[in-house]
Amino acid sequence: MTAPIPRDIPDLPALPRTAPQLLPSVVPARAVVPPVRRPLTAVYRLALALLATAAVLTEILLGSPTRVLSYFVIQSTALLALVTFASARRAWTARHPLPGAVTGAALLYVVVAALVHHIALTDASPAYAMTAGASGDAAWLEPVAGHLLHTVLPVAALLDWLVLTPPARMHLRQATTWLLYPLAYLAFTLTRGELLPGSAARYLYPFLDVARHGYRSVLANALLVGLAIYAVAVLLVALDHPPENQISSLATSGLK
């Protein structure tokens, strides 16, 4: 015999309506989408790397190798050549792209070198030149190499980064890390100038010429350049982030 069903059921505690808190998990596209071969991207980057190498070697052959290799634009272009060649190989063999911190740094340095050249060095007096130039039939090599270093290669690298490089989700803290190399280069070029007191061209850049402007003006110029570098770095980080609603694969697409 069953017990009678009570007329009144006692009040039951209300069930919580809040959804369980799940830990955030960001899974990169490379973990779920296999990379694919990108032969056109590889060919473009290989051509870019070869042009950068040719421009650097031309400047070295036309001038003193030790002095030419001391210039920021030469060092940054050599870094661009190495990074672009590695990126071309990865695109050809269907491997994951290089970290955004590496490609972003290479791009930042060549773009800043180009901006400094066109803003501060194009109309400098006396005329700015890394080498003494060539004579005879090879006189056209130096202006061509300079045009490659300060205009063609930075624009080509920027196009590669904007169109062919997938977003790497860089962070603002990387912009601060990228400043370490320019700061080290500033210390190097000032130290080099102090160690070559008898040379008329001991300072590599006119706006960093302590003998002409003094340390106060040189440090002020260096601060302006540093702020410009940081501003460009922040812009690159902002442009690198993909739209929130993007559903295409970040492993195979570019076009930021």
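Based on the Cβ-Cβ distance of Leu162 and His118, what FRET efficiency does E = 1/(1 + (r/R0)^6) give at R0 = 22 Å, to the nearest 0.05?
0.65
How far apart, in nm, are two points set 7 Å out from the Cα along the Cα-to-Cβ line at Tyr128 and at Trp140?
Distance between label points: 2.6 nm.
Place a point 7 Å from Cα of Phe188 in the direction of its Cβ. Which residues in region 67-95 have their backbone N less than 12 Å from it?
The answer is 67-79, whose backbone nitrogens lie closer than 12 Å to the label point.
For Ser87, what charge total do you get from the other residues with a beta carbon under 11 Å from its beta carbon, if Lys and Arg give +1 and Asp and Glu give -1?
+4
Just to check I understand the Karplus step: with θ = phi - 60° and J = 6.51 cos²θ - 1.76 cosθ + 1.60, what whole-Hz values come out for region 87-100, glycine and proline as x?
Once rounded to whole Hz, the list reads 5, 5, 5, 5, 5, 6, 9, 6, 9, 5, x, 5, x, x.
If each of Thr93 and Val155 carries a label point 7 Å out from its Cα toward its Cβ, how far apart are those two points in nm?
3.3 nm
Could you list the trypsin sites (Lys or Arg not before Pro) in region 36-82 that lie in coil according to DSSP, counting only those with at most 15 other Cβ atoms within 10 Å of their Cβ?
Hits after loop and neighbour filter: Arg37.
Could you work out what % of the accessible surface of region 104-225 is carbon and sulfur, using a 1.4 angstrom probe and leaving DNA, RNA and ligands out of the count?
67 percent
Once both labels are modelled 7 Å past Cα along the beta-carbon direction, what's the Leu57-Arg202 spacing in nm?
Placing both labels 7 Å beyond Cα along the Cβ direction yields 3.5 nm.
The values are calculated or read from the model by the stated rules, or taken from the named source; none is laboratory data. From a predicted model like this one, the values you see are computed outputs, not experimental measurements. As a convention, Cβ positions derive from the backbone with ideal geometry for all residues, glycine included, and neighbour counts pool all protein chains shown. Ligands, DNA and RNA are excluded from the accessible area calculation, which covers all protein heavy atoms including side chains. Shrake-Rupley method; radii C 1.70, N 1.55, O 1.52, S 1.80 Å.
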